[in-house]
Amino acid sequence: MKPVSGTALDGLIEAVRTRVPDTGIVHRTDETLDSDPGSYLLLLRLRSPLLVRIGKRESRLPSGLYVYSGSAKGPGGLKARLGRHLRGNGQLRWHIDQITAHADDRAGLAFRSLTECDLTARLLECSSFCVPVPGFGSSDCSTCRSHLIRFQASPED
Ligand SMILES: [Zn+2]
């Protein structure tokens with residue numbers, strides 16, 4: 001695996017680490033993931049704005065940095081699910097597939113003891129993180145406003 005340094009996601013990775021200390025290594029492909037079940041944060045950069053659809057509703061995502069929290073409990077665990085998102089070439093199955101296909105930078109963080117809702121809550125405690133589209137990726141969740149979070153390091157971003 002080639003080393004990755006100084007990518008567009010560095011500032012976001014640092015901000016996530018501040019909120020969630022036990023972050024571990026940054027995954028760029030499924031090579032570094034194992035097949036255990038767990039939850040994950042998928043970090044994404046959109047270079048240009050994107051229209052996304054939830055059911056019949058269309059929303060416009062501004063360009064910028066995003067975090068999506070999800071869980072991998074099916075066959076193949078984190079390697080299968082997060083690996084799929086990191087490749088960004090899956091068929092449109094989940095809301096997030098609309099974004100990963102257009103992201104020009106992607107990275108993943110894997111967790112064993114925190115749920116995707118724990119992760120969402122921790123990030124949203126910080127004012128640098130906000131919900132861009134209520135309900136995105138959280139159709140099956142009754143506690144989170146969204147499982148997609150936008151990162152804004154400073155207000156003018
Ligand atoms: Zn949730």
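Rounded to the nearest 20 debye, the dipole size of the range 1-153 about its Cα centre is 420 debye, using +1 on the Cβ of Lys and Arg and -1 on the Cβ of Asp and Glu. For the pair Thr29 and Asn89, the difference between a 0.36 nm per residue extended length and the Cα-Cα distance amounts to 20.3 nm. Of the residues Thr115, Ser138, His27, the one whose Cα sits farthest towards the positive end of the charge dipole of the range 10-151 is Ser138 (charges of +1 on Lys and Arg Cβ, -1 on Asp and Glu Cβ, taken about the Cα centre). Taking Lys and Arg as +1 and Asp and Glu as -1, the other residues whose beta-carbon sits under 15 Å from that of Phe136 total +3.
Residue by residue, the range 27-44 carries 3J(HN,Hα) couplings of 9, 10, 9, 6, 4, 9, 9, 10, 8, 5, x, x, 10, 8, 10, 9, 9, 9 Hz when phi is fed to the Karplus relation 6.51 cos²θ - 1.76 cosθ + 1.60 (θ = phi - 60°); x denotes Gly or Pro.
Divide the volume of the convex hull around the Cα atoms of the chain by the residue count and you get 111 Å³ per residue. The alpha carbon centroids of the range 18-37 and the range 100-131 are separated by 12 Å. Between amide H atoms placed 1.01 Å from N, distances below 5 Å from Ser146 occur with Gly135, all of them 5 or more places distant or on a separate chain. Put in order of Cβ neighbour count within 10 Å, fewest first, the listed residues Cys144, Cys130 become Cys130, Cys144.
Read-outs throughout are calculated quantities, based only on the coordinates presented, and are distinct from any laboratory measurement. Values in this document were obtained by computation on a predicted structure and should not be read as measured data. Heads up, the Cβs are rebuilt from the backbone with ideal geometry, glycines too, and the neighbour counts pull from every protein chain shown.
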